[in-house]
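Have a look at the structure below, then the notes.
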Amino acid sequence: MKRFKRVLALLAVAVLVMSMGMGAMAAESEATVDRVGYDHAYFAPAAESVDLIGHTFNAVQVVAAESYDAETKEYMGLSWGAQIEDDGVAALLTALKANSTLAADFSAFVTNPAAVTETKPLFTAAAFADVISDYTDSPVKKEALIKVIKGLDLTGQKIIVSENMNPVKLDAGIGLYMVDDTTKAASLDDDVTNASILMAVPGSNIIRIKVDKPKQDKEVKENATSTWNEVSDYNIGDYVPYRITSNIPNAEKFENYTMTFTDKMSAGLTFADTVTGVADAQKLKITVGGTALADTAYTLTPDEEAHGFTLELPVKTSPSATQTYTEGSEIVIEFFGLLNENAAIGNGTGGNTNKSTLKYSNDPDSTSTATTTLDTVITFTYELDVLKIDGATEKILPGAQFALKATSGEHSGKYAVVDKNGILTGWTETKPEKDATTNGALLISGEDGKFNVVGLDCGEYLLTEIKAPAGYNLISPDIVVEIKATTKNGKDYTDELQTQASNALTKLEVNVPVNGTDALKEGKAAEGIVEIQIENNSGSTLPETGGIGTTLFYIIGAILVIGAGVLLVARRRMNE
């Protein structure tokens, strides 16, 4: 009897099969199916491969075995499988000799016993198994062998993966099988057609098929917590960090394999790599397995119209090449979007979205591709509206001048600079002077008593009155303003519907503490607006700083009090 031991090392590494070699397979058989002899085998998808439900497989037995010894790890009584015997043997040998990769290994064999000589051995199942067992370290020969067998177009046992994914008994028994997924990728949307495999199964063991489909995950970094989420909020003018993560699939069975990442931003975001003068720190970077890739390792094509890019990552470039990156290695693409002046305010228009998809090769026998489901993250920004009124009459007060300073976040200690429409254009460390005409940090209430700052992140700010309307006192102390947003992470956002943004930004509030006590007021999440009202009181104004200020009045008052006391004491003594 011919031992069938080494061939399993070749087959155990076949793509899409959860097999760890004969020792591990024997252990699995003990735990998976009761051993009732060693003359049967099963087929089933791996437990996590629900994507395979409904797939149809063709299981062709190439080499049959009478039995399998679990202790010695040997197959006994090899013969040609049910679909190879008779006329199939000659066809198989002819195809092997015609294959440029395998021809040298099989050129001497003959199928006619009468033609056998010392240099021309008979082509038996045992001889075939012995030759291919040497292919363990040759992925090219393994792939060539699979293509030869598949090219014979043999019809084996038809297996349809059921919803419960229960194992299916292989009628032909134990031996060497070629299992082919006959479900066509073109009909599978984002699914894959699994590559054909060769697998040897001892008694009671299961051919475990698992889907090998790449996925991608899109995230945005929230600056307030430095965590990666699905939702964030930023100031207009900030660079918003994004990342896409995926994993390198097994591409051995493919002649060519490319992963194409497409990223599209809404009009309120600009892909940082297209911004003139952008710093290197804000440019796209990609790592595979923790190693940064050179620009030549991928193709990056910015798309200014779509406010995004396309990135093509070749995983395998030719049939004879090994795949460029190790299977399972993590892919991390990090890049930035500039939140620009067109940014949507609040959730009423869907927020500022960044969407990505991954297109990948999904059929080893064609150039067919599939695309993952759209993955969306959302960035919000807000508007602060301020109304200036008389504290007693609530009369609207135009002409009041203010400055807004950030006291938290990246721009802490700086003053907001806005354009004529109140849209945030930047930050300055210089506090504006009253009546300044060149400093956009001076915020002036209009005829309606209002001024606004559009495009603010949530966080804390300090509102300082620079100049009060004529006849009114300057407000003191400065006013603390906190914009508070409640956002929902841990959720998949897949489209542009308003409901998606409403789910992402669930509440908007403003807090203006009074005497140290919070005073929350609900804002308008749809419009992204929080509103506050500032009251000024009229009356004589004492100078706060410069000159003698209030100090002189405090001194005079103290002198008068002391003088009155001295006079009172003197009079009492005189009366005594």
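The values are calculated or read from the model by the stated rules, or taken from the named source; none is laboratory data. This structure is a prediction, so every number in the text was calculated from the model and none was measured. Reconstructed Cβ throughout: ideal geometry from the backbone, glycine too, with neighbour counts over all protein chains shown.
One line per residue, one yes/no per condition, for (1) farther than 22 Å from GLU460 by Cα; (2) crowded, with 16+ Cβ neighbours inside 10 Å:
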residue: LYS395; (1), (2): yes, no
residue: ALA406; (1), (2): no, yes
residue: GLY409; (1), (2): no, yes
residue: GLY413; (1), (2): no, no
residue: ALA416; (1), (2): no, yes
residue: LYS431; (1), (2): no, no
Of the residues in the stretch 467-490 that are more than 46 Å from the chain's Cα centre (by Cα) and outside any loop (DSSP other than H, G, I, E, B), the one that is farthest from THR379 (Cα to Cα) is TYR472
- prompt: What do you reckon, is ALA144 modelled with pLDDT of 90 or more and not hydroxyl-bearing (Ser, Thr, Tyr)?
  reply: no
When restricted to GLU304, GLU252, the only residue free of Cβ contacts under 8 Å to residues at least 40 places away in the same chain, touching a helix residue (DSSP H, G or I) at 6+ places or on another chain (Cβ under 9 Å) and among the charged types (D, E, K, R) is GLU304
**Prompt:** Any chance the stretch 53-72 includes a residue that's in a helix (DSSP H, G or I) and either modelled with pLDDT of 75 or more or buried (at least 19 other Cβ atoms within 10 Å of the Cβ) (or both)?
**Reply:** no
Among (1) in the same structural domain as ASP280 (by TED's automatic domain parsing); (2) over 30 Å from ILE197 (Cα atoms); (3) modelled with pLDDT of 95 or more, LEU397 falls short only on (1)
Requiring at least 3 residues that are within 31 Å of the chain's Cα centre (by Cα), the strands (runs of 3 or more DSSP E) wholly within the stretch 340-441 are 352-361, 369-371, 375-380, 424-428
Residue pairs within 8 Å by beta carbon, gap of at least six or interchain, first lying in the stretch 334-349 and on the phi > 0 side of the Ramachandran plot, second surrounded by 22 or more Cβ atoms within 10 Å (Cβ to Cβ), listed first then second, are GLY346/PHE380; GLY346/TYR382; GLY346/GLU383; GLY346/LEU505; GLY346/LEU508; GLY346/ALA525; GLY346/GLY528
Any chance THR464 is hydroxyl-bearing (Ser, Thr, Tyr) and within 17 Å of SER232 (Cα to Cα): no
field: ASP478 touching a Leu at 6+ places or on another chain (Cβ under 9 Å) and at pLDDT below 80
entry: no
message: Can you confirm whether VAL89 is in a helix (DSSP H, G or I) and more than 49 Å from the chain's Cα centre (by Cα)?
response: yes
For the stretch 406-449, the count of residues that are closer than 18 Å to ALA468 by Cβ and in contact (Cβ under 8 Å) with a residue 40 or more places away in the chain equals 8
* Asked: Does THR287 fit the bill of being more than 20 Å from ASN354 (Cα to Cα), loosely packed, with under 13 Cβ neighbours inside 10 Å and either free of Cβ contacts under 8 Å to residues at least 40 places away in the same chain or of a type in the set (Ser, Thr, Tyr) (or both)?
  -> no
The strands (runs of 3 or more DSSP E) lying entirely within the stretch 108-187 that contain at least 2 residues which are over 17 Å from LEU52 (Cα atoms) are 168-170, 175-181
